[in-house]
Amino acid sequence: MGELWRLLIVFFQIGLFSIGGGYAIIPLIQELAVEKYAWVSQRIFTDIITISQMTPGPLAVNASTFIGLQIAGIPGAIIATFGCIISGVGISILLYRFFRRHNKSIYVLEALNGLRSASLGLIISAAATLLLLTFIGTSTISVVAYVDWIAVAVFAGSLFVLRKWKVNPILLMVLTGILGGIIQIKS
């Protein structure tokens with residue numbers, strides 16, 4: 001199967017299961033793009049997720065565009081993005097029609113409450129994955145792990161500055177990006 005077809009099918013799947021939102025889908029994108037197909041490394045995946053969060057649009061769509069670009073250039077970006085979007089459009093149309101018919105049902109409302117709880121668990125899992133990738137360079141905890149103490153210090157300092165002085169998060173991201181670039185150059 002050609003890479004473009006594989007990109008279309010994989011990102012159609014990702015779009016199909018990204019109902020919980022951007023953060024909830026990070027583990028599935030990681031499993032498929034990093035572990036199963038080895039399209040990108042853990043480090044590049046972390047960079048793609050970071051950039052996807054900073055650019056306008058849904059995280060899964062942005063990630064699909066960046067990964068598609070890495071794999072097959074502009075055609076890959078277009079195909080992966082289309083695959084990610086088309087399933088969501090179809091699901092949205094079906095859900096709209098369903099909820100218009102059943103908007104007063106207590107069962108439907110309770111099912112939505114259960115889905116919110118599941119999404120919260122997926123978001124917590126995604127946050128833990130991102131922290132592990134940032135601090136130890138892998139998404140699994142191992143007995144012998146290299147801890148990037150500089151990343152921990154920058155994270156803790158940023159969190160402190162954000163909470164204490166309520167600095168604009170975008171300004172803080174720019175400043176920590178510059179700091180990271182300086183640290184990278186000196187290393």
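The values are calculated or read from the model by the stated rules, or taken from the named source; none is laboratory data. Here the structure is a predicted model, which means the values were calculated and not measured. For neighbour counting, all protein chains shown are included, and Cβ atoms are generated from backbone atoms with ideal geometry for every residue, glycine included.
A few remarks follow.
- Condition check for S125: surrounded by 12 or more Cβ atoms within 10 Å (Cβ to Cβ) and modelled with pLDDT of 85 or more: yes
- The residue of region 53-71 that is surrounded by the most Cβ atoms within 10 Å (Cβ to Cβ), among those that are part of a helix (DSSP H, G or I) and free of Cβ contacts under 8 Å to residues at least 24 places away in the same chain, is F66.
- Members of region 14-52 that are touching a residue at least 40 places away in the same chain (Cβ under 8 Å) and among the polar types (S, T, N, Q): S18, Q30, Q42, T46
- Only one entry of I71, I48, I67 meets the criterion of being over 12 Å from the mean Cα position of the chain (by Cα) and aliphatic (A, V, I, L, M), and that entry is I71.
- Note on region 102-157: residues that are over 15 Å from the mean Cα position of the chain (by Cα) and in a helix (DSSP H, G or I) total 24.
- Filter result for A77 (at pLDDT 95 or above and more than 23 Å from I136 (Cβ to Cβ)): yes
- Some residue of region 158-165 being of a type in the set (D, E, K, R), in a loop (DSSP other than H, G, I, E, B) and outside the structural domain of V34 (by TED's automatic domain parsing): no
- Pair list, Cβ under 7 Å, 6 or more apart: region 113-125 residue under 13 Å from S18 (Cβ atoms), other residue outside any helix (DSSP H, G or I): S119/G21
- For region 1-51, taking the residues that are among the small types (G, A, S) and in a helix (DSSP H, G or I), the one that is farthest from D148 (Cα to Cα) is identified as G15.
- Residue ID - surrounded by the fewest Cβ atoms within 10 Å (Cβ to Cβ), chosen from residues in region 77-98 that are within 24 Å of I9 (Cα to Cα) and of a type in the set (S, T, Y): S92
- Filter pass, I136 being touching a residue at least 60 places away in the same chain (Cβ under 8 Å) and surrounded by 15 or more Cβ atoms within 10 Å (Cβ to Cβ): no
- Any hit, region 99-112, residues being surrounded by 13 or more Cβ atoms within 10 Å (Cβ to Cβ), touching a residue at least 24 places away in the same chain (Cβ under 8 Å) and in the same structural domain as I29 (by TED's automatic domain parsing): no
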